[in-house]
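Heads up, the thing below is written out as structure tokens.
Just so you know, all these numbers are worked out from the coordinates, no wet-lab data involved. Predicted model, so just to flag it, every value in this text is computed and none were measured. Positions of Cβ are generated from backbone atoms using ideal geometry, with glycine treated the same way; all protein chains shown enter the neighbour counts.
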Amino acid sequence: MIKAGIIGSTGYAGAELVRLLLQHPEAEIVWYGSRSYVDQNYADIYHNMFRLVDAKCMDEDMERLSKEADVIFTATPQGFCASMVNDTILNSSKIIDLSADFRLKKIDVYERWYKLEHKAPQYLKEAVYGLCEINRDRIRGARIVANPGCYTTTSILTLYPLVKEGLIDDSSIIIDAKSGTSGAGRGAKIPNLFCEVNESIKPYGVATHRHTPEIEEQLSYAAGLDYMDGESILINFTPHLVPMNRGILATCYANLRDGVTADDITAAYRKYYAEETFIRLLGNGNFPETRWVEGSNFVDIGFTVDPRTKRVIAAGALDNLVKGAAGQAVQNMNLLFGLPEDTGLKLVPVFP
């Protein structure tokens, strides 16, 4: 059995990790870490875990945890994992970090967008971006996996084949994305109160959202650009908050290169994703809805070509707490420990 420890187990992503790992046939949770609820019964915080979890919340001592766990999940705010990780921990445990601490390879980009000093730049080169469908071979041998964000997973997977195959003008990409409120975390914030969110939709982080450089970096690699030497795709990314618990929908727009047809786009998606367990291709003219992926590790992708504007409009949908966070983290764990990628993740979407 894989011994798993979770730091940040009482946030939304951490709680989803608990839900998934409790059902995993090859893993057991040995540490329910939480800064706010040390020594409290986990099931008193999340009552859906009554009679399922008989454990108290523990602290955030990663070094002690590394002696007990084969893998450590850090579902924590930006800056925590980088401030704690060291060689002693990495020589004992694998780390799957759900924050942004190791997603961006350039220190200056991280510090500019996250307004934090990076505390462990020495590990940036070896950390692997944990988007399994693109980096699975590198993930298998990693010590640190940077679990991607929810907006980024949706956006990158929706656009990756089109960029990789050179079907679109990389300078024309616009991403219009919507998220349920769980994406903002469990902390008490006035903008996330029921009366602030219900019966409304709003853009936020316009031209400043911190997932922007993550999408740009990964799409730059897909385009064959030398990102570390200053070459980069630039995008417009606008997220919106919608009054639902779960879900991400990213609608992506880009100019087609001359002569590119809908058949070319279909062929590109099939080339990269036809054999992917967790990507469901809806095809030309069919579009995803968040309700059809809720509670699952699936990403649904559809597209159409607008002949009038010579643009492709592609949309992806996923559950931000599963494929956008905890499910992807478990998928990464499966790769790290040589298990079939879908182990513990054969989750049928919940409806209604």
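Explain nothing, just the number: relative contact order of the chain, from Cα pairs under 8 Å at least 6 residues apart, as a whole percent.
Working: 785 pairs, mean separation 60.0, N = 352.
Relative contact order here is 17 percent.
For ARG280, enumerate residues with amide H under 5 Å from its amide H, sequence gap 5+ or separate chain, H modeled in the peptide plane.
Residues meeting the criterion, in which the H sits 1.01 Å from N, are VAL299, ASP300, ILE301.
Sum -39500 (n - 2.57) across every DSSP H segment of at least 4 residues in the chain, then divide by the residue count to get the 222 nm mean residue ellipticity, nearest 500.
Only helices count here, giving -7500 deg cm²/dmol.
SER172 versus ASP263, label points 7 Å from Cα toward the beta carbon: distance in nm?
2.1 nm
Which chymotrypsin sites (Phe, Trp or Tyr not before Pro) from region 132-234 combine a DSSP loop assignment with at most 13 other Cβ atoms within 10 Å?
Sparse-neighbourhood loop chymotrypsin sites (Phe, Trp or Tyr not before Pro): TYR204.
Taking the Cα centre of each part, how many Å lie between region 1-60 and region 247-312?
Using only Cα atoms, the two centres lie 36 Å from each other.
Take each complete run of DSSP H in the chain, measure how far its Cα atoms stretch along the helix's own axis, and keep only those covering 20 Å or more with mean Kyte-Doolittle hydropathy at least 1.6; list them.
Length and hydropathy pass: none found.
Assuming R0 = 41 Å, what is the FRET efficiency of GLN23 and THR309, from their Cβ-Cβ distance, to the nearest 0.05? Spell out each step's value before the answer.
Numbers: r = 46 Å, r/R0 = 1.11.
Result of the calculation: an efficiency of 0.35.
Starting from the Cα of ALA55, step 7 Å along the direction of its Cβ; do the same at ASN41; then give the gap between the two resulting points in nm.
1.6 nm
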